[in-house]
1. Being in a loop (DSSP other than H, G, I, E, B) and either open to solvent by 30 Å² or more (accessible area, probe 1.4 Å) or touching a residue at least 60 places away in the same chain (Cβ under 8 Å) (or both): is that true of residue 60 here?
2. Test residue 87 against the stated conditions and say whether it is open to solvent by 40 Å² or more (accessible area, probe 1.4 Å), closer than 16 Å to residue 35 by Cα and modelled with pLDDT of 95 or more.
3. Identify all residues within the range 105-122 that are more than 18 Å from the chain's Cα centre (by Cα), crowded, with 17+ Cβ neighbours inside 10 Å and not in a helix (DSSP H, G or I); write none if there are none.
4. For the structure I just gave you, tell me whether residue 144 is in contact with a helix residue (DSSP H, G or I) (Cβ under 9 Å, 6 or more places away or on another chain), at pLDDT below 95 and either among the β-branched types (Val, Ile, Thr) or surrounded by fewer than 23 Cβ atoms within 10 Å (Cβ to Cβ) (or both).
5. Spot the failing condition for residue 9; the list is (1) over 17 Å from residue 137 (Cβ atoms); (2) open to solvent by less than 60 Å² (accessible area, probe 1.4 Å), and only one is missed.
6. Here is a list: 36, 69. Which entry is open to solvent by less than 60 Å² (accessible area, probe 1.4 Å) and out of contact with any strand residue (DSSP E or B) (no Cβ under 8 Å at 6 or more places or on another chain)?
7. Test residue 126 against the stated conditions and say whether it is of a type outside the set (Asp, Glu), in a helix (DSSP H, G or I) and open to solvent by 30 Å² or more (accessible area, probe 1.4 Å).
8. Please verify whether residue 137 is open to solvent by 40 Å² or more (accessible area, probe 1.4 Å) and at pLDDT 95 or above, treating the condition exactly as stated.
Amino acid sequence: MTHTNVRTRWVAQARLDSPLGPLTVAATAQGLGGLWFDGQRHHPGPLDAPLDPQQRFIVQARHELACYWQRQLPNGFQVPLDAAGTPFQQAVWRVLCTIPAGQTCSYGAVAAAVGRPNAVRAAGAAIGRNPLSIIVPCHRVLGRQGSLTGYAGGLERKQSLLALEAG
């Protein structure tokens, strides 16, 4: 993830079906910038981008998501990412990308991994603002003692994603 400008310049968007409901996917010229479930908190609303399901990052994301749903994505997502966020958000999202499928960690561990062990709430806020559901795996972050807390796409989806990855 390289994009830090909060005003994203979308070049394409598309709608995707998933086992957990419809998704909107959006790309910049540098990579995938957004992937949101319908009704997800912090969804940006209508995007100023043409519908282009054949845009290269969208095609790659659609293929990789299809493999993910079939549990056939052994090397994780490889689509280039270009999510807009603050430097702190970017750091948190990079940490999320290091959590392997089938594993989880705590909000405190994420805060510590970005070098801010006392910024657990700020890390939680950054996790909640993740614009790349599933691909940047914020669903792998759990509360204290492994409690299932917070997911912008809804706790039922979080539980389903964790169950899928657990095999």
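The values are calculated or read from the model by the stated rules, or taken from the named source; none is laboratory data. Being a predicted model, the structure only gives us computed values, none of them experimental. Virtual Cβ from ideal backbone geometry, glycine too; neighbours counted across all protein chains shown. Calculation scope for accessible area: heavy atoms of the full protein, side chains included, ligands and nucleic acids excluded. Shrake-Rupley method; radii C 1.70, N 1.55, O 1.52, S 1.80 Å.
1. Against the criterion (in a loop (DSSP other than H, G, I, E, B) and either open to solvent by 30 Å² or more (accessible area, probe 1.4 Å) or touching a residue at least 60 places away in the same chain (Cβ under 8 Å) (or both)), residue 60 does not qualify.
2. Working: open to solvent by 40 Å² or more (accessible area, probe 1.4 Å): yes; closer than 16 Å to residue 35 by Cα: no; modelled with pLDDT of 95 or more: yes.
Considered against the rule, which asks whether it is open to solvent by 40 Å² or more (accessible area, probe 1.4 Å), closer than 16 Å to residue 35 by Cα and modelled with pLDDT of 95 or more, residue 87 comes out as no.
3. Correct list: 119 only.
4. On the way: in contact with a helix residue (DSSP H, G or I) (Cβ under 9 Å, 6 or more places away or on another chain): yes; at pLDDT below 95: yes; either among the β-branched types (Val, Ile, Thr) or surrounded by fewer than 23 Cβ atoms within 10 Å (Cβ to Cβ) (or both): yes.
So residue 144 passes the test.
5. Among (1) over 17 Å from residue 137 (Cβ atoms); (2) open to solvent by less than 60 Å² (accessible area, probe 1.4 Å), the lone unmet condition for residue 9 is (2).
6. On the way: 36 fails: out of contact with any strand residue (DSSP E or B) (no Cβ under 8 Å at 6 or more places or on another chain).
Of the residues listed, the single one that is open to solvent by less than 60 Å² (accessible area, probe 1.4 Å) and out of contact with any strand residue (DSSP E or B) (no Cβ under 8 Å at 6 or more places or on another chain) is 69.
7. On the way: of a type outside the set (Asp, Glu): yes; in a helix (DSSP H, G or I): yes; open to solvent by 30 Å² or more (accessible area, probe 1.4 Å): no.
No, not satisfied.
8. Details: open to solvent by 40 Å² or more (accessible area, probe 1.4 Å): no; at pLDDT 95 or above: yes.
In short, no.
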